[in-house]
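Enquirer: Questions regarding the structure given below will be posed in turn.
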Amino acid sequence: MEYRLIPMEEKHLLALAALERICFSDPWSENAFRAELDNPGSRFMVAQDRVGMLLGYLGLHYVLDEGYIANIAVDPLFRRQGIGSALLEDAVDFACQKGLAFLTLEVRKSNLGAQTLYREHGFCPVGVRKNYYRNPLEDALLMTRQIKEEGNQNETACH
């Protein structure tokens, strides 16, 4: 499948909110995405196909040398085609360019597919956030990838 990663723009907001409703039980609104357009401490990238259809996105926030992946989503019809991996690789490249020490994210403890993807990209479990998710109530696994210590290496080992 052919797709490209581009920065989020106003024209993507409606499709992003729709994708959120498909992928998450507590979705971000169109206005939440709109607020990120003017946030100097955020970076939201979208994956779109040749005709401009939104396939997925990744949003991250950064402050000083810390990076937090707020959300990553891929349309269920286009999963397992490398889009999530491309979005994560782009986020790691950005973190390296910005000199971030790490990237971290939360994932539902039951979402083993996402956890596998994150592990494949060097994210390691570092803790649990009790009752983090709603609808249904569930703990989050906190996963982190160290950036600064690894330089430009593509893989890290979990201990």
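Throughout, read-outs are computed from the coordinates displayed, never taken from laboratory work. The shown structure was predicted, so the numbers you read here are calculated from the model rather than taken from an experiment. Virtual Cβ from ideal backbone geometry, glycine too; neighbours counted across all protein chains shown.
Enquirer: Name the residue from GLY52, TYR62, LEU117 whose Cα lies farthest towards the positive end of the charge dipole of the stretch 18-123, charges +1 on Cβ of Lys and Arg and -1 on Cβ of Asp and Glu.
Expert: It is LEU117, whose Cα lies furthest towards the positive end.
Enquirer: Here's something else I'd like to know. For LYS130, give me every one of the lysines with a C-alpha distance below 29 angstrom, ignoring sequence neighbours fewer than eight places off in its own chain.
Expert: Excluding near neighbours in sequence, the set is LYS109, LYS148.
Enquirer: Now for a different question. Starting from the Cα of GLU9, step 7 Å along the direction of its Cβ; do the same at ARG134; then give the gap between the two resulting points in nm.
Expert: Computed distance between label sites GLU9 and ARG134 equals 3.4 nm.
Enquirer: Please give the calculated 222 nm ellipticity per residue for the chain, where each DSSP H segment of at least 4 residues contributes -39500 (n - 2.57) and the sum is spread over every residue; nearest 500 deg cm²/dmol? Don't skip to the answer; put the middle values down first.
Expert: Numbers: 4 runs with 44 residues, N = 159.
One gets -8500 deg cm²/dmol as the mean residue ellipticity at 222 nm.
Enquirer: Which of these values of P(r) over Cα pairs in 5 Å bins from 0, in percent was calculated from the structure shown: (i) 2, 10, 20, 24, 23, 15, 5, 1, 0; (ii) 2, 10, 20, 23, 20, 14, 8, 3, 1, 0; (iii) 2, 9, 19, 21, 22, 17, 8, 2, 0?
Expert: Correct label is (iii).
Enquirer: Could I have the simple spin-label model distance between PHE24 and GLN97, label points 7 Å from Cα toward Cβ, reported in nm to one decimal?
Expert: The two pseudo-label positions are separated by 2.4 nm.
Enquirer: List the lysines whose Cα sits under 29 Å from the Cα of LYS11, skipping any in the same chain fewer than 8 residues away.
Expert: By straight Cα distance, LYS11 reaches LYS98.
Enquirer: Could you pull out the longest piece of the chain with no exposed loop GluC sites (Glu not before Pro) in it, calling a site exposed if DSSP puts it outside H, G, I, E, B and it has at most 10 other Cβ atoms within 10 Å? Can you show the working numbers first?
Expert: Details: sites that count: GLU2, GLU9, GLU155.
Maximal segment without exposed cleavage sites: 10-154.
Enquirer: Can you give me the long-range amide H partners of ALA70? Hydrogens built in the peptide plane at 1.01 Å from N, cutoff under 5 Å, separation of 5 or more residues or another chain.
Expert: GLY59, LEU60, HIS61
Enquirer: May I pose another question? What order do you get for PHE123, PHE78 when you list them from fewest to most C-beta neighbours inside 10 Å?
Expert: Ordered from fewest to most neighbouring Cβ atoms within 10 Å, PHE123, PHE78 come out as PHE78, PHE123.
Enquirer: Sketch the reach of a paramagnetic label on GLU89 as a point 7 Å from Cα along Cα-to-Cβ, and name the residues of the stretch 110-127 whose backbone nitrogen lies under 16 Å away.
Expert: 117-123
Enquirer: Right, another one. When only Cα pairs under 8 Å and 6 or more residues apart are kept, what is the percent relative contact order across the stretch 3-150? Intermediate results must be reported in sequence, preceding the final value.
Expert: On the way: 262 pairs, mean separation 27.4, N = 148.
The value is 18 percent.
Enquirer: Sequence-distant or interchain residues sharing an amide H contact under 5 Å with ASP75, placed H: which?
Expert: GLY56
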